[in-house]
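Working notes, beginning with the structure itself.
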């Protein structure tokens with residue numbers, strides 16, 4: 001007699017998730033996971049919240065007056081959105097409609113400023129360079145605010161997220177407080193993210209400790225990343241706190257390990273943008289009128305609330 005073991009069921013679930021992710025991204029950009037894109041976007045799409053917490057938001061004349069004159073005149077902003085998986089940005093089951101924390105916040109800011117967004121899906125690694133060239137007015141993709149990025153990009157913060165880890169339930173890892181704990185292991189993460197940069201920057205710690213360096217495997221699709229973990233080809237996943245918490249709820253046999261480092265997350269703009277004061281005022285208006293908390297509640301990310309929006313603050317240490 002044959003049966004299905006919990007491990008086999010988990011692998012089947014991961015495979016279904018990967019298939020759905022590939023199908024959905026084929027309708028969009030094929031973008032790799034953003035800094036906040038860690039979880040599956042397949043069967044979970046049916047459970048993605050769709051309540052409208054944006055359309056009733058009223059324009060705030062004081063914030064709108066801070067917009068540059070040319071923007072007020074044309075009444076639109078172009079926004080590049082990196083699509084990965086919940087809670088950041090994903091497709092609904094129709095494969096066309098975007099939903100997510102980043103989507104709601106961008107739409108809410110537009111409501112406050114009394115303008116329309118012309119949204120275009122773009123790959124994560126292409127957005128920041130495109131801002132500098134003037135192709136887009138702003139970008140969303142759960143962009144963590146780092147000192148390195150601040151040299152060439154301006155940010156307006158709207159949530160606080162950060163770096164964390166997840167592993168299989170049978171992993172000996174319980175909490176990662178130092179990257180030296182990863183020595184000798186294979187770490188899965190998204191390509192072009194702050195996680196990849198952090199891992200590469202600190203690989204020397206293992207050598208200096210006389211240990212075998214960890215291996216970093218990057219993935220352009222979140223479904224493939226999670227299959228690698230379920231199948232044992234990687235030992236641990238490094239991604240955002242919100243994304244990891246969401247992902248492990250959708251898949252059996254996995255667990256969130258811990259928060260490793262917090263980072264502010266912001267809308268991204270070309271350096272020296274005149275748009276930043278208006279967008280900051282809009283985010284702070286959302287804080288005052290209660291819309292901010294309603295968006296966080298919708299996506300189950302209340303722990304990511306910030307006290308006030310800031311323009312390009314120093315990286316959290």
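Residue count for segment 176-200 under the criterion of being modelled with pLDDT of 95 or more and outside any strand (DSSP E or B): the result is 12. Scanning segment 201-240 for residues being at pLDDT below 95, closer than 24 Å to residue 300 by Cβ and in a helix (DSSP H, G or I) gives a total of 5. For segment 80-102, which residues satisfy the criterion of being surrounded by fewer than 24 Cβ atoms within 10 Å (Cβ to Cβ) and either part of a strand (DSSP E or B) or touching a strand residue (DSSP E or B) at 6+ places or on another chain (Cβ under 7 Å) (or both)? Passing the criteria: 92, 97, 98, 99.
Which residues, taken from segment 134-145, are touching a residue at least 60 places away in the same chain (Cβ under 8 Å) and either under 17 Å from residue 81 (Cβ atoms) or surrounded by fewer than 19 Cβ atoms within 10 Å (Cβ to Cβ) (or both)? Across segment 134-145, the qualifying residues are 134, 137, 138, 139, 140, 141, 142, 143, 144.
Going residue by residue through segment 78-93, is there one that turns out to be without any contact (Cβ under 8 Å) to a residue 24 or more places away in the chain, in the same structural domain as residue 276 (by TED's automatic domain parsing) and out of contact with any helix residue (DSSP H, G or I) (no Cβ under 8 Å at 6 or more places or on another chain)? Explain how you work it out, then say what you get.
First, pick out the residues of segment 78-93 that are without any contact (Cβ under 8 Å) to a residue 24 or more places away in the chain: none.
Scanning segment 78-93 turns up no residue that is without any contact (Cβ under 8 Å) to a residue 24 or more places away in the chain, in the same structural domain as residue 276 (by TED's automatic domain parsing) and out of contact with any helix residue (DSSP H, G or I) (no Cβ under 8 Å at 6 or more places or on another chain).
Taking segment 247-290 as the range and being in a loop (DSSP other than H, G, I, E, B) and either in contact with a helix residue (DSSP H, G or I) (Cβ under 8 Å, 6 or more places away or on another chain) or assigned by TED's automatic domain parsing to the domain that holds residue 228 (or both) as the test, the residues that pass are 251, 252, 253, 271, 275.
For segment 247-267, name all the residues that are within 20 Å of residue 306 (Cα to Cα) and either buried (at least 20 other Cβ atoms within 10 Å of the Cβ) or out of contact with any strand residue (DSSP E or B) (no Cβ under 8 Å at 6 or more places or on another chain) (or both). Hits for segment 247-267 are 263, 264, 265, 266, 267.
The values are calculated or read from the model by the stated rules, or taken from the named source; none is laboratory data. None of these values were measured; they are calculated from a predicted model. Here the Cβ is made from the backbone with ideal geometry for all residues, glycine too, and neighbour counts use every protein chain on show.
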